[in-house]
Amino acid sequence: MEFPLRQGMLLAHTAVMTSARFVQIYREDGAALRQELARGLMGEPASVSPKFLYDALGSRLFDAITELPEYYPTRTERTILDAHGGDIAALVGRGRTLIDLGAGNCEKAARLFDVLAPLRYVAVDISVDYLRQALGCLQSQHPGIEMVGVGADFSVSLTLPPEAGRGERLLLYPGSSIGNFTPDDALRFLRQARSVGGAGGALLIGVDLVKPKPVLEPAYDDALKVTAAFNLNLLRRLNALLGCDARIEDFDHVALYNEGESRIEMHLQARRALTLRWPDGARALAAGERIHTENSYKYTLDGFDRLLRQAGFARTTRWTDERDWFAVFLAA
Ligand code: AVJ
């Protein structure tokens with residue numbers, strides 16, 4: 001199988017101590033990252049891609065978010081998958097190659113191992129280091145499943161290395177990560193997922209649903225301030241990657257539901273007028289001016305079903321929790 005390498009990507013194979021194999025299909029060079037960050041900061045409004053949220057600390061903070069009482073998506077999706085794993089297995093069959101897009105701690109996929117009995121598990125995540133720990137541990141618990149870890153950034157294009165193997169593919173895209181894309185980009189992503197899945201392929205995807213503001217906003221602005229730390233960690237990344245001089249204490253975490261766009265927005269808001277400086281650039285921010293750091297789109301059941309069909313999936317099945325807060329779609 002051929003896969004295009006984006007400019008700035010290197011191909012590197014790495015061996016580890018466990019029997020899980022690891023492949024890294026991208027390593028953006030520092031110059032490309034700096035350029036991307038500088039371009040975002042100079043934008044109107046200033047922005048930073050949410051992919052920079054997930055360094056080692058950011059991934060751990062996200063894990064902590066999933067334990068918060070206010071953050072309902074993870075546990076609601078888990079309830080749905082636990083309740084309907086059997087239905088899912090009956091529809092997709094056992095013994096597939098399970099491809100986990102944005103695997104993180106691999107916990108969601110692991111809970112499906114019993115019902116789906118995959119022959120191979122391919123965990124894809126932007127944070128390879130995090131994947132190494134998670135997969136190493138999982139491989140020893142499930143020696144019968146061939147495991148491959150893939151470090152990849154598919155925010156631009158979804159491509160898999162030959163190590164992902166052939167065989168009937170079930171793509172898993174849990175957690176409503178699809179919400180980070182604009183609806184247009186989500187459609188592009190779903191079309192790519194359809195083609196990567198191949199004939200007989202299926203996609204199991206978690207989608208967060210539209211609901212009242214008083215439920216949505218606290219989920220992204222929790223009382224313990226874990227989400228604030230998760231968002232503010234971006235400033236540390238700006239300093240480390242770009243050589244920026246941002247001070248954490250100069251910014252507030254802001255999370256708001258934009259009803260017109262049907263999305264939660266996260267921002268970093270300057271507490272006072274200030275200028276961010278880095279080796280070959282600077283960005284002045286007025287007091288109260290924001291850096292846009294994340295969108296998390298919410299869908300209606302029918303709206304997402306329409307998107308799947310537009311992407312070329314002919315058969316869709318969906319399950320929700322009893323409050324209709326979250327949905328899991330199976331598309332073939
Ligand atoms: C990982 C993108 C699904 O949008 O709910 C959680 C990220 N941001 N709290 C989400 C997130 C703030 C999360 N996704």
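The values are calculated or read from the model by the stated rules, or taken from the named source; none is laboratory data. None of the values given here were measured: they were computed from a predicted structure. Every residue, glycine among them, receives a Cβ derived from its backbone with ideal geometry; neighbour counts consider all protein chains shown. Protein only, heavy atoms only, side chains kept; ligands, DNA and RNA dropped before computing areas. Shrake-Rupley method; radii C 1.70, N 1.55, O 1.52, S 1.80 Å.
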Response to the item:
TYR297 vs (1) surrounded by fewer than 20 Cβ atoms within 10 Å (Cβ to Cβ); (2) within 16 Å of the ligand (Cβ to nearest atom): all pass except (1)
Practice prompt. Give the range 62-74 a look and list any residue that's within 9 Å of the ligand (Cβ to nearest atom), out of contact with any strand residue (DSSP E or B) (no Cβ under 8 Å at 6 or more places or on another chain), open to solvent by less than 50 Å² (accessible area, probe 1.4 Å) and in a helix (DSSP H, G or I), or say none.
Written response: ILE65, THR74
Discussion item. Give me the residue from the range 210-238 that is more than 14 Å from GLU70 (Cβ to Cβ) and within 13 Å of the ligand (Cβ to nearest atom) and, out of that set, surrounded by the most Cβ atoms within 10 Å (Cβ to Cβ).
Written reply: ASN231
Worksheet item: List the pairs whose first member sits in the range 186-199 and is among the charged types (D, E, K, R), whose second member is open to solvent by 10 Å² or more (accessible area, probe 1.4 Å), and whose Cβ atoms are under 6 Å apart, counting only residues at least 6 apart or on separate chains?
Response: ARG194/GLY312
Worksheet item: Does the range 239-256 contain at least one residue that is assigned to a helix (DSSP H, G or I), open to solvent by less than 20 Å² (accessible area, probe 1.4 Å) and in contact with a strand residue (DSSP E or B) (Cβ under 6 Å, 6 or more places away or on another chain)?
Response: yes
Worksheet item: How many residues, within the range 165-189, are away from the ligand (no atom under 16 Å from the Cβ) and either within 19 Å of ASN105 (Cα to Cα) or surrounded by 21 or more Cβ atoms within 10 Å (Cβ to Cβ) (or both)?
Response: 3
Worksheet item: Can you tell me which of GLY312, GLY288, GLY260 is open to solvent by 50 Å² or more (accessible area, probe 1.4 Å) and part of a loop (DSSP other than H, G, I, E, B)?
Response: GLY260
Worksheet entry | Close pairs from the range 220-245: first of a type in the set (Ser, Thr, Tyr), partner in a helix (DSSP H, G or I), Cβ under 7 Å, at least 6 apart | TYR220/THR227; THR227/ILE65
Worksheet entry | Close pairs from the range 52-77: first under 25 Å from GLY40 (Cα atoms), partner open to solvent by 10 Å² or more (accessible area, probe 1.4 Å) and basic (Lys, Arg), Cβ under 7 Å, at least 6 apart | PHE52/ARG237; ASP55/ARG237
Fill in: Selection from the range 112-129 of residues that are in a helix (DSSP H, G or I) and not aromatic (Phe, Trp, Tyr)
LEU112, ASP114, VAL115, LEU116, VAL128, ASP129
